[in-house]
Amino acid sequence: MTKKRECTAQVREEAVRICAYAYHDKNKTVLCDEIVPIAEWEQNSDTVQACYRKFYAEALPAKNTGMLHKIDYNQGYIPQGLLDSVSEAMLENKENALVETLGIGKELTKEKVLSIAKDNLSLRYDVECAEAEGDYTMLLVDGDNDGISDIVAEIYYGGSGGFTEYVFYQGQENGTYEKTCTYHAVHQNFTFIRYDEKNYLCRRLYDYDTKEDSGISLTCYVDGVEAEIKNLMFTPESYDFKITDCASNKYRTLAEKTLENACAYKEKMDQNADIIGSAEEKLPLGTHEYRCDLNNDDALEQYEKFVWTPSNLGTREYISFSGKDTGTDASRDAIQAVEDAIETVEGFPIMIWADLYENKTIVHVISRTGLEHDDNAKKPTGLDDFAITAFLIEGTQTQTVYKITADAVYTIREEYDNNTVQR
């Protein structure tokens, strides 16, 4: 038996990707797969040294494990022309048509999968587990461009979370399949596309909290494992802000101030963080407990607010707001009035806060308004559209004093993904 190792350091824009593999017979093991800034690589940082220690372990004396490797200054495995074409299609809301045009691969029937699995131990085990608890989808395609068909599978093991395992079974010359690469995600639409005589995995990325598509991921496989993953993400370039439904000019100043801080509020919403207004007092009793005169009756209400995040495919993120019963009708009425106001806002309410303005408490609700996006709309996605609605609650009476709408204008951001687990 012989052992062989391979290590590469490849430039990716401002970073270096260090990949190391060990071969034993026909088995390939990933020793390390790290992306570090070029400056860190040049300084031979602790992270870089750790990668090469793994590579040289039991092969060279320890004193040699900090050696730098020559950088491979290639342009990556996924051509920029493909990235540009997909990005352009995404911005024009035409990515589905492009993927359909470039699509390649054949979905295997259950009967065909079982026929193949009987002669492949790892594939048979995965299929049996999936059939017992969930389901699977398998494509037959030359995924790593070596001239031999492979099987790429999405395996769902049951439950409402939608969590799945994606597996690459590399086709061998003798007609069998070897499990060479896996990664875990939630259910995603996936296929292979062909560009410039090569095949690439194409996945629709999924925002679990909002239940909306957030971008497209392209993967190039080499020798049964991922060589490069590029994610193309919808990213707001700017916003078209409007102040609407302003009850009177006296609220215009507050509305304009809120608009100035709208992007900061949006960032808090994206972080699932509490937004704390000038009229609120955070209590030490719990992480999300507050006190405020919500309905301007000179009595303080105590309440809890936080962003509820989903753990299944059937629900979206949402605000959780509840009051502490102090035993008075006025307190219960105030809490109920806020709950009623939350239910009236456009879209999906995510967080509330209360600001003091001209000796009155103004309750604000920020909501996502672009979800349930129309696939036929001119705009590519509504993932980042939002609104802020302001209410004046006095006793049991509620008035909308203004509303701010924000429609995102998008660009596409390219980013690397290094989450694949290889076996």
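The values are calculated or read from the model by the stated rules, or taken from the named source; none is laboratory data. A quick note: this is a predicted structure, and the numbers were derived from the prediction, not measured. Positions of Cβ are generated from backbone atoms using ideal geometry, with glycine treated the same way; all protein chains shown enter the neighbour counts.
Name the residues in segment 282-309 that are in contact (Cβ under 8 Å) with a residue 40 or more places away in the chain and touching a Gly at 6+ places or on another chain (Cβ under 9 Å), would you? Those that are in contact (Cβ under 8 Å) with a residue 40 or more places away in the chain and touching a Gly at 6+ places or on another chain (Cβ under 9 Å): Cys292, Leu294, Asn295, Asn296, Asp297. Restricting Phe321, Phe348 to those that are closer than 30 Å to Thr164 by Cα and surrounded by 15 or more Cβ atoms within 10 Å (Cβ to Cβ) reduces the list to Phe348.
Every residue, every condition in (1) surrounded by fewer than 19 Cβ atoms within 10 Å (Cβ to Cβ); (2) at pLDDT 90 or above; (3) assigned by TED's automatic domain parsing to the domain that holds Thr219, yes or no:
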{"site": "Val86", "(1), (2), (3)": "no, yes, yes"}
{"site": "Lys106", "(1), (2), (3)": "yes, yes, yes"}
{"site": "Glu111", "(1), (2), (3)": "yes, yes, yes"}
{"site": "Asn120", "(1), (2), (3)": "no, no, yes"}
{"site": "Asp126", "(1), (2), (3)": "no, no, yes"}
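Test Thr369 against the stated conditions and say whether it is in the same structural domain as Gly314 (by TED's automatic domain parsing), among the β-branched types (Val, Ile, Thr) and within 30 Å of Glu88 (Cβ to Cβ). Yes, satisfied. Leu218: more than 23 Å from Leu123 (Cβ to Cβ), surrounded by 17 or more Cβ atoms within 10 Å (Cβ to Cβ) and out of contact with any Leu (no Cβ under 8 Å at 6 or more places or on another chain), yes or no? No. Check whether at least one residue in segment 189-196 is in a loop (DSSP other than H, G, I, E, B) and within 25 Å of Leu313 (Cα to Cα), and report yes or no. Yes: segment 189-196 contains one or more residues that are in a loop (DSSP other than H, G, I, E, B) and within 25 Å of Leu313 (Cα to Cα).
Let's see how each residue does on (1) among the aromatic types (Phe, Trp, Tyr); (2) under 24 Å from Ser217 (Cβ atoms); (3) surrounded by fewer than 22 Cβ atoms within 10 Å (Cβ to Cβ); (4) at pLDDT below 95:
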residue	(1), (2), (3), (4)
Glu343	no, no, yes, no
Asp375	no, yes, yes, yes
Lys379	no, yes, yes, yes
Ile404	no, no, no, no
Thr411	no, yes, yes, yes
Glu414	no, yes, yes, yes
Asp417	no, yes, yes, yes
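Taking (1) in a helix (DSSP H, G or I); (2) touching a residue at least 40 places away in the same chain (Cβ under 8 Å) in turn, Asn93 satisfies each apart from (1). Mind telling me which of the residues Tyr195, Tyr156, Tyr200, Tyr166 ends up being surrounded by fewer than 21 Cβ atoms within 10 Å (Cβ to Cβ), over 27 Å from Glu133 (Cβ atoms) and of a type in the set (Ser, Thr, Tyr)? None of the other options fit; the residue is Tyr195. The residue that is farthest from Leu356 (Cα to Cα), counting only those in segment 265-281 that are within 17 Å of the chain's Cα centre (by Cα), free of Cβ contacts under 8 Å to residues at least 40 places away in the same chain and outside any loop (DSSP other than H, G, I, E, B), is Asp270.
Just a yes or no: is a residue in segment 239-256 in a strand (DSSP E or B) and either within 15 Å of the chain's Cα centre (by Cα) or among the aromatic types (Phe, Trp, Tyr) (or both)?
Yes: segment 239-256 contains one or more residues that are in a strand (DSSP E or B) and either within 15 Å of the chain's Cα centre (by Cα) or among the aromatic types (Phe, Trp, Tyr) (or both).
Tallying residues that are in a loop (DSSP other than H, G, I, E, B) and under 20 Å from Cys181 (Cα atoms) within segment 206-230 yields 2. Considering segment 167-213, the residues that are more than 30 Å from Ile350 (Cβ to Cβ) and either outside the structural domain of Tyr125 (by TED's automatic domain parsing) or basic (Lys, Arg) (or both) include one that is modelled with the lowest pLDDT, namely Lys179. Identify, please: which residue in segment 15-65 is part of a helix (DSSP H, G or I) and in contact with a Phe, Trp or Tyr (Cβ under 7 Å, 6 or more places away or on another chain) and is, among those, modelled with the highest pLDDT? Selected residue: Val48.
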